[in-house]
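Below is one structure, written out as structure tokens, with a few remarks after it.
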Amino acid sequence: MVVMDVGVLGQDRTDEEWETMLKRETTLLKMGLSGVEAFVLAVRCMYRDRPDSGDDRTLCLECQHAKRKQARCTKAQVYLPFVLQRCDLFLKVAA
């Protein structure tokens, strides 16, 4: 188990990154994550989204193939909405 000090996560961010992170955190909370879980995952995604991060992982819930209400992937992949992962079939949801 990895223990993270959430008190320092996100301190080195821009206002735009922080706004995006807060929106993502709100979505994750609505999907059932606890406050700490939602915050930590949203911050991880914030760092992942930086151009120089080198992190190409995605969340199922960011994919057009995800059917959130049915908790499944339309391409018959395993649906893991809260796990950063690589998927060859990933298709980004239009912004």
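Projecting the Cα atoms of Val78, Val36, Leu22 onto the charge dipole of the chain, computed from C-beta unit charges around the Cα centre, puts Val78 farthest toward the positive end.
Helix 15-30 sits at what angle to the longest principal axis of the chain, using alpha carbons and giving 0 to 90 degrees rounded to 10? For 15-30 against the chain, the angle is about 50 degrees. Between 0 and 90 degrees, the angle of helix 35-48 with respect to the longest Cα principal axis of the chain falls at about 90 degrees. If you run the Gaussian network model on the chain, springs between alpha carbon atoms under 10 Å, then out of Leu61, Leu41, Leu80 the most flexible one is Leu80.
Note on the chain: semi-axes of the ellipsoid equivalent to its C-alpha gyration tensor, largest first and rounded to whole Å, are 23, 15, 13. Magnitude of the charge dipole for the chain, about its Cα centre and with charges confined to Cβ atoms of Lys, Arg (+1) and Asp, Glu (-1), is about 720 debye. Mind running the shape call on segment 56-95? Use the C-alpha gyration tensor, a ≥ b ≥ c as the square roots of the eigenvalues: rounded below 1.5 for a/c, prolate if a/b tops b/c, oblate otherwise. Rounded, because the longest to shortest axis ratio a/c is under 1.5.
Where a number appears in this text, it was derived from the coordinates with a stated rule and is not lab data. As the structure is a prediction and not an experimental result, all values here were calculated from the model. All Cβ positions, glycine included, derive from the backbone under ideal geometry; neighbour counts span all protein chains shown.
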